[in-house]
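Student: Would you mind keeping the following structure in view while I ask a few things?
The values are calculated or read from the model by the stated rules, or taken from the named source; none is laboratory data. These figures come from a predicted structure and were not determined experimentally. We place every Cβ from the backbone using ideal geometry, glycine too, and count neighbours over all the protein chains shown. The protein model used for the area step is the full one, side chains on, heavy atoms only, and it has no ligands, DNA or RNA in it. Shrake-Rupley method; radii C 1.70, N 1.55, O 1.52, S 1.80 Å.
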2 protein chains.
Amino acid sequence: MLGTQTKLEAILSDLEQAATLDGMQRVSEALREYYRVDHLVYHWVDSSGDQYGCGTYSDEWQQKYLQENYLRIDPVIQGCYQRFHPVDWKRLDWSSKAAREFLRVSGEYGVGNQGFSVPVRGPRGQFALFTINHSCDDEEWAVFTQDNRRDLILIAHYFNEKALEFEPDRQPEQQQALSPREVDAMTLLAIGYSRAQVANKLSISEHTLRVYIESARFKLGALNTTHAVARAMSRGLIVV
Amino acid sequence: MLGTQTKLEAILSDLEQAATLDGMQRVSEALREYYRVDHLVYHWVDSSGDQYGCGTYSDEWQQKYLQENYLRIDPVIQGCYQRFHPVDWKRLDWSSKAAREFLRVSGEYGVGNQGFSVPVRGPRGQFALFTINHSCDDEEWAVFTQDNRRDLILIAHYFNEKALEFEPDRQPEQQQALSPREVDAMTLLAIGYSRAQVANKLSISEHTLRVYIESARFKLGALNTTHAVARAMSRGLIVV
DNA sequence: TTCCCCCTCCCCAGAAATGGTGAGGTCAAC
DNA sequence: GTTGACCTCACCATTTCTGGGGAGGGGGAA
């Protein structure tokens, strides 16, 4: 539609004015009213495992989610993490036991059966999710998502933009680039070689290799080799 | 604005119908007409350094760009790669000698002095840029970008979505899933915990933990723990 | 019911990784 | 022309991981 709604305009304008996470919270609620849906959530997942966000899910559900570490089994997260584009929850994989259990529990906490989630990404592996959620039949939901898809993409974008304003520490951590040799080392480790094999592959001594791993580890703020490789990957410094 | 232009609607509808890169090319040209700007480009940069895209830059400039490997010094690429949000070219860093030289040469090839670029990201380090480019004064450009910012974000999004349709190697992977415990293990290892710490965190014995790591390693076809974590990440099985 | 997967626990010995420190060379930049 | 980042090599002792074993209980699926 590329929308013609002036009321939506007003809400988005409020979002642009928002100065705190609370402000975003209020915008979430306004959007929920506007769209007449059950829930609307913005959810950030950090490369260090931190999570935060805002939205209309009940406190109980949010607490339960964190407590049970549902991040690990939530098919919405799992699915969107592998996807490029917005996705309807029906198209996700709910077949695993854990997923069905998750679905059952989430229902008990008032999460609707229909959902539409927009993944948002940034540099250094930033990942966030904007979700709109409702209880209704498939047809009604199909019409809704069809009609509002574009606006939802934009809203996701603006939520993310806003969220970043409140997290200054996420931005300026200047990308500590790895040296070519460090990249080589991280890459080969990531594809399964042992230290000895990597050293051999790079035609250097294992001692030298260790220096690279150490310096990469230091630059990445990693606690061990596996962590360093994981960080290098999630920051897009190496590609495997 | 969230646009009210029905002509834009028609062009985007054409984009949705496009079945080849040529189709996108024609849409680029239609959009250039529509916005009355000099150029409009979609540029994909692959994780392995491959590039492709479509747009209205002259063949000479595209060839020159590849030949000189401008990807390395282009401040638009450099800047957007580290940024979350759309950016006006004026806000980029053109101070280096290489950047100024690049600017001069690009001008000779018909690239306008004003530009607005939208970065788009996907899983596994996919990165693309949608750029609109023109020759005019700052004020006129400010008005233009102000008015069309939202539509441009959406267009960037749709170009990317379309481009992915032509890249078959991305989608069809439905492989061995990890059990929740295995996901836990992989995730905690990825964020830097040692085996002992992970076991402690999960309140299980280290022996048990090892079973999970081993079974995850087996499922992932990995040679060691680091490899397993790397594979779990690159397959999007864990979110770090 | 039986089979298979998931979760949990245990032993051992050898292989590999780690953390700290030190040293010398090149090359580009300030 | 010194500084700093990068690449290369070395030794030490200690911790951690790895790769084989084996075992029992629970639950879903066929």
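Student: Report, ordered by chain and residue number, the aspartates and glutamates lying within cross-link reach of A:Lys64, taken as a straight Cα distance under 15 Å and ignoring same-chain residues fewer than 8 apart.
Tutor: Straight-distance partners of A:Lys64: A:Asp74, A:Glu101, A:Glu108.
Student: Further question on the same structure: How far apart are the B:Ala10 label points across copies, placing each 7 Å from Cα toward Cβ, in nm, shortest first?
Tutor: Its label point is 3.4 nm from the equivalent points in the other copies.
Student: Something else about it: Over the Cα atoms of the range B:109-168, what radius of gyration and what Dmax do you get, in Å?
Tutor: 13.5, 43
Student: Given Cβ point charges of +1 (Lys, Arg) and -1 (Asp, Glu) and nothing else, what value in debye, to the nearest 20, does the dipole of chain A about its Cα centre take? Before the final figure, lay out the partial values.
Tutor: Working: 26 positive and 32 negative charges, 250 e Å.
Dipole about the Cα centre, nearest 20: 1200 debye.
Student: Need the per-residue list for the range B:208-240: every residue with at least 30 Å² less accessible surface in the complex of protein chains than in the chain by itself, probe 1.4 Å, sorted by number.
Tutor: Residues meeting the cut-off: B:Asn224, B:Thr226, B:His227, B:Ala230, B:Met233, B:Ser234, B:Gly236, B:Val239, B:Val240.
Student: Strictly greater than 23 Å: what percent of every Cα pair in chain A meets that?
Tutor: 57
Student: Would you be so kind as to identify which of A:Ile204, A:Pro180, A:Ile153 lies farthest towards the positive end of the dipole of the range A:115-240, taking Lys and Arg as +1 and Asp and Glu as -1 on Cβ and the Cα centre as origin?
Tutor: A:Ile204
Student: So which residues in the range A:178-202 end up with at least 50 square angstrom less accessible surface once the other protein chains are there, compared with the chain by itself, probe 1.4 angstrom?
Tutor: The answer is A:Gly192.
Student: For the protein assembly as shown, what is the per residue volume of the convex hull drawn over the alpha-carbon atoms, in cubic angstrom? Intermediate results must be reported in sequence, preceding the final value.
Tutor: On the way: hull volume 74.0 nm³, N = 480.
Taking the convex hull of the Cα positions in the protein assembly as shown, it is 154 Å³ per residue.
Student: Sticking with this structure for a sec: How do the peptides A:22-32, B:57-67 rank, highest first, by the average count of neighbouring beta carbon atoms within 10 Å per residue?
Tutor: Ranking the peptides A:22-32, B:57-67 by packing returns A:22-32, B:57-67.
Student: Then there's this: Chains B and A: how much accessible area gets covered up at their contact, both sides added, probe 1.4 Å, in Å² to the nearest hundred?
Tutor: Its buried surface, counting both partners, is about 5000 Å².
Student: Now a separate question. Which of B:Leu71, B:Val105, B:Ser95 sits closest to the plus end of the dipole of the range B:62-118, meaning its Cα is farthest towards the positive end, when Lys and Arg get +1 and Asp and Glu get -1 on the C-beta?
Tutor: The Cα lying farthest towards the positive end belongs to B:Ser95.
Student: Can you list the residues in the range A:25-64 whose accessible area drops by at least 50 Å² when all protein chains are present, compared with the chain alone? Use a 1.4 Å probe, heavy atoms only.
Tutor: The answer is none - no residue of the range A:25-64 has its exposure fall by at least 50 Å² when every protein chain is included.
Student: Provide the per-residue ³J(HN,Hα) series for the range B:143-159, in order, calculated from phi with Karplus coefficients 6.51, -1.76, 1.60 and θ = phi - 60°, each as a whole number of Hz, with x at glycine and proline positions.
Tutor: Taking θ as phi minus 60°, the curve returns 4, 4, 5, 4, 5, 10, 3, 5, 4, 5, 4, 5, 4, 4, 4, 6, 4 Hz for the range B:143-159.
Student: Here's a follow-up. How high is the FRET efficiency from B:Gln51 to B:Asp137, r the C-beta distance, R0 30 Å, rounded to 0.05? Walk me through the intermediate numbers first.
Tutor: Numbers: r = 31 Å, r/R0 = 1.04.
The calculated FRET efficiency here is 0.45.
Student: In addition: How are the C-alpha pair distances of the range B:121-240 spread across 5 Å bins, as whole percents from the shortest bin up?
Tutor: 2, 10, 16, 14, 11, 8, 8, 8, 7, 7, 5, 3, 1, 0
Student: If Lys and Arg each add +1 and Asp and Glu each add -1, what is the summed charge of the other residues whose beta carbon sits under 12 Å from the beta carbon of B:Ala19?
Tutor: Once positives and negatives cancel, what remains is -2.
Student: Treat each spin label as a single point 7 Å out from the Cα along the C-beta direction, and report the B:Asp59 to A:Glu29 distance in nm.
Tutor: Distance between the two pseudo-spin positions: 6.1 nm.
Student: Taking the full set of protein chains and a 1.4 angstrom probe, give the accessible area of B:Lys7 in square angstrom, rounded to the nearest 10.
Tutor: Rounded to the nearest 10, that gives 130 Å².
Student: Still on this structure, I have one more. Given bins 5 angstrom wide, list per bin the percent of all Cα-Cα distances in the range A:1-122, short to long.
Tutor: Histogramming the range A:1-122 at 5 Å steps yields 2, 9, 18, 23, 22, 15, 8, 3, 1 percent.
Student: Just to be sure I understand: with springs between alpha-carbon atoms less than 10 Å apart, which residue in A:Asp74, A:Asp138, A:Asp50 has the highest mean-square fluctuation in the Gaussian network model of chain A?
Tutor: Between A:Asp74, A:Asp138, A:Asp50, it is A:Asp50 that shows the largest mean-square fluctuation.
Student: In Å and whole numbers, how far do the C-alpha atoms of the range A:180-234 stretch along each principal axis, longest first?
Tutor: Largest to smallest, the principal-axis extents are 26, 19, 18 Å.
Student: Calculate, for the protein assembly as shown, the solvent-accessible area per residue in square angstrom, rolling a 1.4 angstrom probe over the heavy atoms of the protein chains.
Tutor: Counting only protein heavy atoms, the per-residue value for the protein assembly as shown is 46 Å².
Student: Roughly how much of A:Asp184 is accessible, in Å² to the nearest 10, using a 1.4 Å probe?
Tutor: 50
Student: Moving on. Calculate what fraction, in whole %, of the accessible area of chain B sits on carbon and sulfur atoms when a 1.4 Å probe is rolled over the protein chains.
Tutor: Carbon and sulfur: 48 percent of the exposed surface of chain B.
Student: Give the relative contact order (percent, whole number) for chain B; include only Cα pairs under 8 Å separated by 6+ residues.
Tutor: On the way: 293 pairs, mean separation 41.3, N = 240.
Value for chain B: 17 percent.
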